[in-house]
C-alpha cells in the first residue's frame, strides 16, 4: 500500500495572527520548508478556497513540480486544506493554527500516495517525509521566534 498519513505539531511563541500571516505568504515557503525551491500563487488576492499554487521542490534527489488547490479554508486562515491537482503523486494537506497560552500551536496533517514514483517502499518515503516536516516546523519556530 502506498498511502500514508503524516502528522506533526509544534508550539510557536508568537501570536496566532503573526504565524498565520507568515505561513500564508507563499514567498516564505523556501525559508522554512527545506524541500521547497519556489512557490508561486497562480491567482491574485489573499489565499482562499480555490486559490491555486505551483510548487517546485526537491525530494529524494528529484525535482518535482506540483500544482495545488485550496479546497477548504476558514475566513481567518486558522484552518485550511489543500490537495495536489497535478504532479507525480497525490497529496492532501491540512494546516491548523490554534491559540495557546504561550503562542500558537501549528498542526500539519498530510495524506500522501506516492504510488510507484520513487521505486522505494512507501513506508520509507513516509518516514523521510515525516522527518522533513518535523525539521521544517523547527525551522518555522526559529524564524518566527527570532523575528526573522
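Throughout, read-outs are computed from the coordinates displayed, never taken from laboratory work. Quick caveat: nothing in here was measured; it's all calculated off a predicted structure. Every residue, glycine as well, gets a Cβ built from its backbone with ideal geometry; the counts of neighbours run over all protein chains shown.
Of the residues 63, 12, 125, which exhibits the maximal mean-square fluctuation in a Gaussian network model of the chain defined by a 10 Å Cα contact cut-off?
In this elastic network of the chain, the residue with the biggest mean-square fluctuation among 63, 12, 125 is 63.
Which whole-number percent is the relative contact order of the range 3-146 (Cα, under 8 Å, 6+ apart)?
Once normalised by length, the contact order is 31 percent.
Label residue 90 and residue 31 with points 7 Å out from Cα along Cα→Cβ: what is the distance between them in nm?
Going by the 7 Å Cα→Cβ label model, 3.4 nm.
How high is the FRET efficiency between residue 74 and residue 38 when r is their beta carbon distance and R₀ equals 35 Å, given to the nearest 0.05?
Using R0 = 35 Å, I get an efficiency of 0.85.
When the chain is treated as a GNM, springs tying every alpha-carbon pair under 10 Å, which of 43, 92, 65 comes out with the largest mean-square fluctuation?
43
Cut-off is 10 Å between beta-carbons; in what order do 13, 24, 29 appear when sorted fewest neighbours first?
Values: 13 12, 24 16, 29 19.
Lowest count first: 13, 24, 29.
Using 0.36 nm per residue of separation minus the Cα-Cα distance, give me the extension gain between residue 83 and residue 145 in nm, one decimal.
Gain on extension, residue 83 to residue 145, equals 19.4 nm.
Mind running the shape call on the range 44-148? Use the C-alpha gyration tensor, a ≥ b ≥ c as the square roots of the eigenvalues: rounded below 1.5 for a/c, prolate if a/b tops b/c, oblate otherwise.
In terms of gyration-tensor shape, oblate.
What do you get for the angle between helix 122-146 and the principal long axis of the chain? Use alpha-carbon atoms, 0 to 90 degrees, nearest ten.
Relative to the chain, helix 122-146 is tipped by roughly 20 degrees.
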